[in-house]
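This report concerns only the one structure given below.
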Amino acid sequence: MYRGRIEKDFNTWVSKGMLDAGAAKAMLAEYDARETVFSAGRVLLVLAAVLLSAAILLLVAANWEAIPRLVRVGGIVGLIWAFYLSAAFCLGRGFNGMGAALLVLATMTFGGAIALVGQMYHLSGDAADALLVWFAASCFATLVFRSPALSVLSGFLAWAVFGQLVFDNDASFEGNGYIYLVPLLIVIVIALVRYTNAGMARHLAYLLALAWLGWFYIELPELWLAALLFGAGLLAFLVTSLPVSPLYRFASDAGAAPAFYSFALTVLGLAALHTEVDGLGPEIAIGATTLAVALGGIAIAGRLNGAVRFLGYAVFATETLYLASETLGSILGTSGFFLISGVVVALIAWLVIRLEKRLSAKTAAEGSVA
């Protein structure tokens, strides 16, 4: 999608004489040569590796009793080593797509081997223990091969650990203590993503952080925690979005994600505050704060960060309709509410159009100065 947009822009600029055709062609060639560029062939190779690993493990499991125990263990270990060594050979010869697929195949086989060996020898422990071992092995292989594909797999395994703890192990404050390791898994995945330049895989870590914080609030629905989420998200958003911040340049190097997800955490905190306050006055105060935060987020980061801009629009529209339903709508009834909603949506549309024109004008002015 991004590649198509920049090619369209280049063609437009070339037709207007703003860019040389040779320079546009060279820039597109440089972009296509990057390792992080999406390739359908590579994705299909990785998917094939996942399916092959599942087929191998199912084949072994189906004939488990007919295979001697020593042969089983040796065969599994041999498969893992064969896949890793083959991956190293392919990467050394420049066959990066095939190498990534073999790395995924080897790491998936390792995870299946944990389960099969545990079942064979009746080892104690639960699925969370096995997933953590699998995650550690995936991280180690990621470091050794510096593989973006394994960074993605490590991100999914971190999600698997979180899901196992939440849904199958009664992950409460008195439950499995592994749930408090999730922030460490998030930090590890982010570090791996930066080390391997895995690009979009960082979203797995950011989304997991939001999910873990949401779980934490569900387990402890207190006003102070909702306010803490809101305050932490707002502070992180300002630190990553304001040019005067000492961390602004570092956050900008990571793309639009830090500002967007910190803004999303701010919205999460505001949503939690909505559930904690009671009474018309406090609800209006939280609603006004939400509207101010939405507009402030658009003003601060919306021009350069489309995700923040659209989230701000969505929050502003939702909050405005919510306030209308809780105040005027409850007084005037259903028909009055729809009337008010129509007026509110029209006002929001007018405000969005004005903001978009202002942001576009500011961008054009900065471009002319540059």
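Quickly run through the range 59-96 and pick out the residues that are assigned to a helix (DSSP H, G or I) and at pLDDT below 65.
Across the range 59-96, the qualifying residues are Leu59, Val60, Ala61, Ala62.
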TODO: Kindly indicate whether any position in the range 157-168 is surrounded by fewer than 16 Cβ atoms within 10 Å (Cβ to Cβ), in contact (Cβ under 8 Å) with a residue 24 or more places away in the chain and over 19 Å from Val187 (Cβ atoms).
DONE: yes
TODO: From (1) in contact with a Ser or Thr (Cβ under 9 Å, 6 or more places away or on another chain); (2) modelled with pLDDT of 65 or more; (3) in a helix (DSSP H, G or I), pick out the condition that doesn't hold for Leu351.
DONE: (1)
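So which of Ala141, Ala136, Ala171, Ala130 is aliphatic (A, V, I, L, M), modelled with pLDDT of 90 or more and surrounded by 15 or more Cβ atoms within 10 Å (Cβ to Cβ)?
Numbers: Ala136 fails: surrounded by 15 or more Cβ atoms within 10 Å (Cβ to Cβ); Ala171 fails: modelled with pLDDT of 90 or more; Ala130 fails: modelled with pLDDT of 90 or more.
Being aliphatic (A, V, I, L, M), modelled with pLDDT of 90 or more and surrounded by 15 or more Cβ atoms within 10 Å (Cβ to Cβ) holds for just one of Ala141, Ala136, Ala171, Ala130, which is Ala141.
Could you grab me the full set of residues in the range 174-192 that are in a helix (DSSP H, G or I) and modelled with pLDDT under 90?
Start the filter on the range 174-192 by keeping residues that are in a helix (DSSP H, G or I), which leaves 177-192.
Within the range 174-192, Gly177, Tyr178, Ile179, Tyr180, Leu181 meet the criteria.
This table checks each residue for (1) assigned to a helix (DSSP H, G or I); (2) within 20 Å of the chain's Cα centre (by Cα); (3) surrounded by 17 or more Cβ atoms within 10 Å (Cβ to Cβ); (4) of a type outside the set (Phe, Trp, Tyr).
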residue: Gly233; (1), (2), (3), (4): yes, yes, yes, yes
residue: Phe237; (1), (2), (3), (4): yes, yes, yes, no
residue: Phe250; (1), (2), (3), (4): yes, yes, no, no
residue: Phe260; (1), (2), (3), (4): yes, yes, yes, no
residue: Phe263; (1), (2), (3), (4): yes, yes, yes, no
residue: Thr275; (1), (2), (3), (4): yes, no, no, yes
residue: Ile298; (1), (2), (3), (4): yes, no, yes, yes
residue: Val315; (1), (2), (3), (4): yes, yes, yes, yes
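Inside the range 129-158, can you point out the residues that are hydroxyl-bearing (Ser, Thr, Tyr) and in a helix (DSSP H, G or I)?
At the first step, the residues of the range 129-158 found to be hydroxyl-bearing (Ser, Thr, Tyr) are 138, 142, 147, 151, 154.
Listed by number, the residues that qualify are Ser138, Thr142, Ser151, Ser154.
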Open item on the list: Could you go through the range 35-54 and let me know if any residue there is surrounded by 12 or more Cβ atoms within 10 Å (Cβ to Cβ) and at pLDDT 75 or above.
Closed with: no
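For Trp224, are the conditions met, namely being at pLDDT 90 or above and exposed (fewer than 15 other Cβ atoms within 10 Å of the Cβ)? Outline the logic, then answer.
Working: at pLDDT 90 or above: yes; exposed (fewer than 15 other Cβ atoms within 10 Å of the Cβ): yes.
For Trp224, the condition - at pLDDT 90 or above and exposed (fewer than 15 other Cβ atoms within 10 Å of the Cβ) - is met.
The values are calculated or read from the model by the stated rules, or taken from the named source; none is laboratory data. Keep in mind that this is a model prediction, so the values were computed, not measured. Glycine also receives a Cβ, built like all others from the backbone with ideal geometry; neighbour counts cover every protein chain displayed.
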